[in-house]
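See structure below.
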Amino acid sequence: MSGHYDTLETRSSEEREAALMQALPRQIAHAKANAPFFAKWLKDVDPAKVNSREALAKLPVLRKSRLGEVQKADPPMGGLITLPLAKVRHVFMSPGPIFEIDVDEPDYFRGARAMYAAGFRAGDVVYNTFSYHLTPAGVMMESALRALGCPVVPGGVGNTELQLDAIAAIKPVGYVGTPSFLKILLEKAVEAGKDISSLKKAFVGGEALPPALRRMFREAGLSCLQSYGTADIGTIAYESEALEGMIVDEGVIVEIVRPGTGDLVPGADVGEVVVTTFNTAYPLIRFGTGDMSAVLPGPSPCGRTNMRIKGWMGRADQRTKVRGMFVDPEQIAEISKKHPGLGRLRLVVDWVNQADTMVLKAESADTSPALAEALGETIRTVCKVGGKVEFAKPGSLPNDGKVIDDIRKYT
């Protein structure tokens, strides 16, 4: 996996900073002139003066948790994009709902650099198990692979036995998807006697990659690296073979701020990841991801010189990610509205047997299997990911305002 994607990765910090700060005022001016939301959001900002990180830090943070209401006020994109919807390539709908787009340009989500760091090269046949249905993950990964020149098998999710047959027949060298689904495929292949040993490289995301799971993949003959990004921004940071934190992508500016504020944290303190992108179609300025991380000092031993972060370190709010899908407090409220006889609800997210689990604890006098089944169907419909149901006595769940309790611990 030696080598670098391009010379941008190894330029001096001073050269990179000068280039970013030269491009930043142009991007802010572009956003103000062409995206109605930013014309209002940054109405008092002189783009020419935002030419340093200190000046950038004075701009307001637009948090992902606000996107739903912004888009609802001016559907579907909230005035956040700079071109008519008729000119985009895809419109996606992530849970929330939050809408995203892509346009007809190579590697729109900037994933090729991260996949190159993971060892993917032109001609590698790659099996993509991210979903192609409404949410952008499948298309995000495919666009990066096509930019690298990799043929793609659009496997999507589910139908494990059929997927094993496809892998055994096509013999792809690469896997793209969540680490938990890769674990399922490897285990089911052993059970079914299917040969999927052609898989040698894995590029994973959407959920945590604990050390024990990475070791399991290595023992199965798979090198496995991960990236961190969002549907709105694309790739934010990615691992290299050095396995020392995540390297920030060359196409964004990353800041770490005190949660709930726009103030930068000192040094290596943990805070919320705030990203500014140079995407001209969807020019997000100081976008608060809601994810927590921290800066790692110094460059990576792999020779890439950009800023490094520790990777995903939890959420700054109750929003969380389960099996690659975000789950929001608003979705729990929607479940409550669909079942008005319930009391308090609490969604408990855990990590069991190297996989994400969800259990909805619901206060209810009715504990019938029929209600449990109906609730399970509503969870899948609203959250786009399944979960179990446990009933609790009315008044027994904590009155602490928490509706999503993420208790995952990774070993």
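The values are calculated or read from the model by the stated rules, or taken from the named source; none is laboratory data. Model, not experiment: these values are computed from the prediction. Note: ideal-geometry Cβ built from the backbone for every residue, glycine included; neighbour counts use all protein chains shown.
Here are the numbers for the structure shown:
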{"read-out": "Odd one out for Gln163 among (1) in contact with a Leu (Cβ under 8 Å, 6 or more places away or on another chain); (2) part of a loop (DSSP other than H, G, I, E, B); (3) not hydrophobic (A, V, I, L, M, F, W, C)", "value": "(2)"}
{"read-out": "Single residue of the range 1-40 satisfying the filter (of a type in the set (A, V, I, L, M) and not in a helix (DSSP H, G or I)) that is modelled with the lowest pLDDT", "value": "Met1"}
{"read-out": "Residue ID - surrounded by the most Cβ atoms within 10 Å (Cβ to Cβ), chosen from residues in the range 363-391 that are among the small types (Gly, Ala, Ser) and more than 26 Å from Tyr132 (Cα to Cα)", "value": "Ser364"}
{"read-out": "Glu207, sole failed condition from (1) crowded, with 21+ Cβ neighbours inside 10 Å; (2) at pLDDT 95 or above", "value": "(2)"}
{"read-out": "Unique match (being surrounded by fewer than 23 Cβ atoms within 10 Å (Cβ to Cβ) and farther than 17 Å from Arg113 by Cβ) among Glu241, Glu250, Glu255", "value": "Glu255"}
{"read-out": "Candidate set: the range 99-126, residues that are of a type in the set (A, V, I, L, M) and part of a loop (DSSP other than H, G, I, E, B); chosen: the one nearest to Phe203 (Cα to Cα)", "value": "Ala118"}
{"read-out": "Test: Gly96 is closer than 30 Å to Val382 by Cβ, at pLDDT below 95 and either assigned to a loop (DSSP other than H, G, I, E, B) or among the basic types (Lys, Arg) (or both)", "value": "yes"}
{"read-out": "In the range 41-55, the residues that are part of a helix (DSSP H, G or I) and either closer than 22 Å to Arg308 by Cα or of a type in the set (Lys, Arg) (or both)", "value": "Lys49, Arg53, Glu54, Ala55"}
{"read-out": "Of the criteria (1) within 29 Å of Ile101 (Cα to Cα); (2) at pLDDT 90 or above; (3) not assigned by TED's automatic domain parsing to the domain that holds Lys43, which one Ile309 fails", "value": "(3)"}
{"read-out": "Residue check, Leu347 within 18 Å of Thr381 (Cβ to Cβ), assigned to a loop (DSSP other than H, G, I, E, B) and assigned by TED's automatic domain parsing to the domain that holds Ser396", "value": "no"}
{"read-out": "Residue within the range 127-138 that is part of a helix (DSSP H, G or I) and either among the acidic types (Asp, Glu) or within 21 Å of the chain's Cα centre (by Cα) (or both) present", "value": "yes"}
{"read-out": "Residue match in the range 49-59 (condition: under 30 Å from Glu241 (Cα atoms) and either surrounded by fewer than 15 Cβ atoms within 10 Å (Cβ to Cβ) or among the charged types (D, E, K, R) (or both))", "value": "yes"}
{"read-out": "Flag if Pro172 is surrounded by 22 or more Cβ atoms within 10 Å (Cβ to Cβ) and either assigned to a loop (DSSP other than H, G, I, E, B) or in contact with a Cys (Cβ under 9 Å, 6 or more places away or on another chain) (or both)", "value": "yes"}
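Yes or no, residue by residue, for (1) among the aliphatic types (A, V, I, L, M); (2) touching a residue at least 60 places away in the same chain (Cβ under 8 Å); (3) in contact with a helix residue (DSSP H, G or I) (Cβ under 9 Å, 6 or more places away or on another chain); (4) assigned by TED's automatic domain parsing to the domain that holds Ala242:
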residue	(1), (2), (3), (4)
Pro84	no, no, no, yes
Phe99	no, no, yes, yes
Phe109	no, yes, yes, yes
Ala114	yes, yes, yes, yes
Ala118	yes, yes, no, yes
Tyr127	no, yes, yes, yes
Thr135	no, yes, no, yes
